[in-house]
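Everything below concerns the one structure shown next.
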Amino acid sequence: MNRRAITIADVGEVLLKRSRRAKHINITVRPFKGVRVAVPLGVSYARAEAIARSRADWIKRHIKRMRAVEKEAAELRKSGPVDRESARRQLVSRLETLAKRHGFQYNRVFIRNQKTRWGSCSAKNNINLNLNLVRLPEDLVDYILLHELVHTRVKNHSQRFWETLEKVVVDAKVLDQRMKSYKALLA
């Protein structure tokens, strides 16, 4: 059995899930997904349950934040679904403009309704962009597009990546922090 659901008073259902990758017991609280406890191999479900119960106050605080994110997502999505073709035209046009302005080259662009990220850049310099980017303020859209364009040169988030990004985006780290307030659109 790879998973077990438990109920914790004042928290609700918590999923204990066996993980081959986890090295430690790890508790996550995610919008629309709930509370999950990663249980490493060699650790009993009883031990994981005891730790989850001991962290009930921490879980409750995070559930409160999670509910706020879920509510925010509902508000942001009241405008209805994003038209994929319109989003594609808008995002690709802006990506082309920024790439030319800053001397970046990329291969292909894909627009997807991703659940966990705003964008990504493959080893072949294909750029994936989240459909919901069009719901963001323009400065944040530009930040994400430039972030992915920089990945065509630096394939990780090393210090060199951030230094390169800072050359084309003023206050990149500040914009990166602002993006967290829009994470509800990813759910």
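Since every read-out is calculated from the coordinates, none of them should be taken as a lab result. Because the structure is a prediction, the values reported are computed rather than measured. Neighbour counts are summed over all protein chains in view; Cβ atoms, including those assigned to glycine, are modelled from backbone coordinates with ideal geometry.
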Listed highest first by mean packing, meaning other Cβ atoms within 10 Å per residue, what order do 79-92, 46-59, 143-156 come in?
143-156, 46-59, 79-92
In the structure shown, of LYS23/LYS60; LYS115/LYS167; LYS23/LYS180; LYS100/LYS183; LYS64/LYS180, the pairs separated by more than 22 angstrom at the C-alpha atoms are LYS23/LYS60; LYS115/LYS167; LYS23/LYS180; LYS100/LYS183
Expected sort for LEU76, LEU136 with the fewest Cβ neighbours (10 Å cutoff) up front is LEU76, LEU136
Give the distance, in whole Å, between the Cα centre of the range 124-183 and the Cα centre of the range 1-62.
32 Å
LYS78: which aspartates and glutamates have alpha carbons under 13 Å from its alpha carbon, excluding same-chain residues fewer than 8 sequence positions away?
GLU70
Go ahead and estimate [θ] at 222 nm for the chain from helices alone: -39,500 (n - 2.57) per DSSP H run with n ≥ 4, summed, over the residue count, rounded to 500.
-14000 deg cm²/dmol
Can you give me the convex hull volume of the Cα atoms of the chain, divided per residue and expressed in Å³?
151 Å³
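Grab the beta carbon distance between MET179 and HIS102, set R0 = 22 Å, and tell me the FRET efficiency rounded to 0.05. Don't skip to the end; give the middle numbers.
Numbers: r = 20 Å, r/R0 = 0.90.
Calculated transfer efficiency: 0.65.
Can you give me the orientation-averaged projected area of the convex hull built on the Cα atoms of the range 84-186, in nm²? Walk me through the numbers on the way to the answer.
Values: hull surface 23.6 nm².
Averaged projected hull area, Cα only: 5.9 nm².
Helix check for the chain. Which DSSP H runs span at least 24 Å along their own axis by Cα, with a mean Kyte-Doolittle hydropathy no less than -0.5?
Values: long enough: 56-76 (30 Å, -0.82); 84-102 (26 Å, -1.22).
The answer is none, since no helix passes both cut-offs.
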